[in-house]
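The values are calculated or read from the model by the stated rules, or taken from the named source; none is laboratory data. Only a predicted model underlies this, so the values are computations on that prediction, with no experimental measurement involved. As a convention, Cβ positions derive from the backbone with ideal geometry for all residues, glycine included, and neighbour counts pool all protein chains shown.
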């Protein structure tokens, strides 16, 4: 089996005006869709966070992916590395969502190859990763502070005819009551049993108040997480941590860097999680030396694919780290890949993050994937168990071209609302 | 696809009177062959070091393997663990060659499942492990001090009609000249480019003399290794290490335990390798903390199978460990599995160990696998690329029953030659 075609399609999917430490989500989240076609006519799909640079790198990678056997993942990785150059400081920009180019680009190709392999041998992807340890992958409600609006051309547009979650997700959430209402609407709509609040957007005590309000509303049986995206000072992180001991399931990146995270661990008893201070295998020795976190949030898009994520899972077992899963705004190809990976990872024991409820568009046939009582039921169909909706892909590609965005920049977006607003590495 | 049968067959293969720190090889090496048959008639093969206890544990495991889908490796592992109990101190005896029961038993089943999967989907096993990074897997000449003889009923039996390596391997090797002659005969016959000497059998300076004699005979282009199996004192390890700086490629387990190995590293500049102080994922944190070795000798039989070995390879890359491969006396099923694993492991950059030239019998069709200029050419056939010779298996099973051995015990064997001989954890 040889790969004969690789199609790289940047798309833009509507995204609501969600707030975070870096600013504000643009009206569109960018993703890049990879389709690999083999000489037997079978195709496989991959999806990664998008940008013009990612599209260009994937197109360059495609030159060396064509002609390869999709089972030869090591050879494909080596060929892409030869084409793009190795990962390293020169190939790493400073945003947490677009870190190591080769790793990132390979992840998209690898997932598409797994989809292709699975279809070729008649097996779901999880069966090519050691087999399923669970049939249902629980996800977490992922709450944001937000302005009124639900994405689309302006970001702040609303649909007066929307009902259910589509109506609820248009609402503003700027205080504890708004966050609790958002949580209740999201959990009612999707059945999530764990809740994460994206923090770093409001003064820290307000965010702690929101967590405590959810604790009050949902009770101790609902795991709660808070993620200020490393924008807090040590003093703030410790003080807020003390307020939330016994309340949070985990405390995600309250401060920046492994050393600071380790210091928080000495002062606060809540388990610490990260997708910012330990984000690659290169960071693991420092993590072990410093004990910078208790839980690593994996992300196959950033750790180098599904096999690399399974290897990360072994490292977590070996060094006593818990394992959860990070998410960006994404469509169904990524959600399917995340579900297959989680299904095959024995020690992925936390509900995974997903931004999926915030998006409304889809590139897969049949439209949006459905959560069943807060979980994705892992497909038993060959490959990822999804098919590409080519018309939807074309529309979302047109939307990409029309929207004019070429990279995620939450700071610029925030400046449209609050002129002069600037990202600060430590705000509070 | 469901597993409908699992056959566990202990065999005994002739082994010469090879000397090592634990004593003397018995006339027969024990292996256990696992055959798994699926409902579509396809079968897969596995092989592990044998003993009556291993046979019993595999038979117990078979009760829960039957009925499983061979792709569901995680479920199979969980079922075996439920049947046999988890690994742990209680399930670990003190010999380095039979450490963790669940890990060991699962490795045999997992290889057989990979063989079965590969045959089912028409792919060599290495393609199910990420694909090949090399088509040829180099192996190392594995030298032993030895008495005259070539295995069989008495161990010391010789065949006056033998020619080539079969004649050479009957000879005694008890001094540097004997070791050099053995090395030359083995390298001539198989084309090996690296040479390992199993030490711990003679006074340390004699073993160093043998290494220096080989350095003289083969020149600096032939990597040399010495493995005293942890039987030396710190003083001896440092003193001999100093003699061999600039001569050895690596220094394998000169002393016992991670702490002592770390101390050697502070005094001797030769890279240190181990298959004794870091032999499981549980040992990795100590290895990292102490830097107990520079190179880990993996062994899929003891680390929990092929996927676990790939995960170990990632850990080695992550923590700057080199990776080589350990061997016991074995037949062709293990050799094929080792070759497929090595073919799919990017950072397995050392020639692998193998005892294979010392054995003469085989359970696979076509007889003994052939080395091509010191390497195994990785099969492109489905699965492991081998088929079972059922008549040979039956004969070697009869040999197992007739020989009366139920476990490896090199001390007892040595006492037959030197009454009263006792193993000493630190001899020199």
Against the condition modelled with pLDDT of 95 or more and either under 15 Å from residue A:315 (Cβ atoms) or in a strand (DSSP E or B) (or both), how does residue B:292 come out, does it pass?
no
Restricting to the stretch B:272-281, name every residue that is within 10 Å of another protein chain (Cβ to nearest Cβ) and either buried (at least 22 other Cβ atoms within 10 Å of the Cβ) or assigned to a helix (DSSP H, G or I) (or both).
B:281
Taking the stretch B:23-56, which residues are in contact with a strand residue (DSSP E or B) (Cβ under 8 Å, 6 or more places away or on another chain), in contact (Cβ under 8 Å) with a residue 60 or more places away in the chain and part of a helix (DSSP H, G or I)?
B:52
From the option list B:354, B:406, B:426, B:345, single residue qualifying as crowded, with 20+ Cβ neighbours inside 10 Å and under 25 Å from residue B:21 (Cβ atoms) is B:354
Can you pull out every residue in the stretch B:57-81 that is out of contact with any strand residue (DSSP E or B) (no Cβ under 7 Å at 6 or more places or on another chain) and within 13 Å of chain A (Cβ to nearest Cβ)?
B:69, B:71, B:72, B:73, B:74, B:75, B:76, B:77, B:78, B:79, B:81
So how many residues does the stretch A:249-262 have that are under 24 Å from residue A:182 (Cβ atoms), surrounded by 24 or more Cβ atoms within 10 Å (Cβ to Cβ) and touching a strand residue (DSSP E or B) at 6+ places or on another chain (Cβ under 7 Å)?
3
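Residue-wise test of (1) closer than 24 Å to residue B:427 by Cα; (2) assigned by TED's automatic domain parsing to the domain that holds residue B:353; (3) assigned to a helix (DSSP H, G or I).
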{"position": "B:154", "(1), (2), (3)": "no, yes, no"}
{"position": "B:167", "(1), (2), (3)": "no, yes, yes"}
{"position": "B:178", "(1), (2), (3)": "yes, yes, yes"}
{"position": "B:182", "(1), (2), (3)": "no, yes, yes"}
{"position": "B:188", "(1), (2), (3)": "no, yes, yes"}
{"position": "B:192", "(1), (2), (3)": "no, yes, no"}
{"position": "B:200", "(1), (2), (3)": "yes, yes, no"}
{"position": "B:205", "(1), (2), (3)": "yes, yes, yes"}
{"position": "B:209", "(1), (2), (3)": "yes, yes, yes"}
Please tell me if residue A:415 is more than 22 Å from the chain's Cα centre (by Cα), touching a residue at least 24 places away in the same chain (Cβ under 8 Å), more than 22 Å from residue A:113 (Cα to Cα) and surrounded by 13 or more Cβ atoms within 10 Å (Cβ to Cβ).
yes
So the check is Cβ under 8 Å with 6+ separation or different chains; which pairs have a first residue in the stretch B:282-293 that's more than 10 Å from chain A (Cβ to nearest Cβ) and a second one that's assigned to a helix (DSSP H, G or I) and surrounded by fewer than 18 Cβ atoms within 10 Å (Cβ to Cβ)?
B:290/B:259; B:292/B:259; B:292/B:286
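From the list A:348, A:341, which one is under 27 Å from residue A:32 (Cβ atoms), within 13 Å of chain B (Cβ to nearest Cβ) and in a loop (DSSP other than H, G, I, E, B)?
The match here is A:348.
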Does the stretch A:160-168 contain any residue that is at pLDDT 95 or above and surrounded by 24 or more Cβ atoms within 10 Å (Cβ to Cβ)?
no
Could you go through the stretch B:111-118 and let me know if any residue there is over 22 Å from residue B:350 (Cα atoms), within 14 Å of chain A (Cβ to nearest Cβ), part of a helix (DSSP H, G or I) and at pLDDT below 95.
no
Can you tell which of B:271, B:228, B:285 is closer than 18 Å to residue B:427 by Cβ and at pLDDT 95 or above?
B:228
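Taking the condition buried (at least 22 other Cβ atoms within 10 Å of the Cβ), more than 14 Å from chain B (Cβ to nearest Cβ), closer than 26 Å to residue A:256 by Cβ and out of contact with any helix residue (DSSP H, G or I) (no Cβ under 6 Å at 6 or more places or on another chain), does residue A:299 pass?
yes
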Selection from the stretch B:363-375 of residues assigned to a loop (DSSP other than H, G, I, E, B), in contact with a strand residue (DSSP E or B) (Cβ under 8 Å, 6 or more places away or on another chain) and closer than 22 Å to residue B:114 by Cα yields B:363, B:365, B:369
Within the stretch B:111-119, is there a residue that is surrounded by fewer than 23 Cβ atoms within 10 Å (Cβ to Cβ), over 21 Å from the mean Cα position of the chain (by Cα) and either within 28 Å of residue A:106 (Cβ to Cβ) or assigned by TED's automatic domain parsing to the domain that holds residue B:348 (or both)?
no
Going by the conditions given, is residue A:385 surrounded by 15 or more Cβ atoms within 10 Å (Cβ to Cβ) and outside the structural domain of residue A:12 (by TED's automatic domain parsing)?
yes
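Which of the residues that make up the stretch B:365-392 are free of Cβ contacts under 8 Å to residues at least 60 places away in the same chain and closer than 23 Å to residue B:135 by Cβ?
Hits for the stretch B:365-392 are B:365, B:366, B:367, B:368, B:369, B:370, B:387.
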Candidate set from the stretch A:309-330 (those that are under 27 Å from residue A:369 (Cα atoms) and out of contact with any helix residue (DSSP H, G or I) (no Cβ under 8 Å at 6 or more places or on another chain)); member that is surrounded by the most Cβ atoms within 10 Å (Cβ to Cβ):
A:324
Search result, residues across the stretch B:393-412 that are part of a loop (DSSP other than H, G, I, E, B) and without any contact (Cβ under 8 Å) to a residue 24 or more places away in the chain:
B:404
Looking at A:269, A:236, A:222 in this structure, which one is in contact (Cβ under 8 Å) with a residue 60 or more places away in the chain and either surrounded by fewer than 20 Cβ atoms within 10 Å (Cβ to Cβ) or not in a loop (DSSP other than H, G, I, E, B) (or both)?
A:236
Only unsatisfied item for residue B:69, checking (1) more than 21 Å from the chain's Cα centre (by Cα); (2) part of a helix (DSSP H, G or I); (3) modelled with pLDDT of 95 or more, is (2)
Exactly one of A:367, A:305 is away from every other protein chain (no Cβ under 14 Å) and on the phi > 0 side of the Ramachandran plot, and that one is A:367
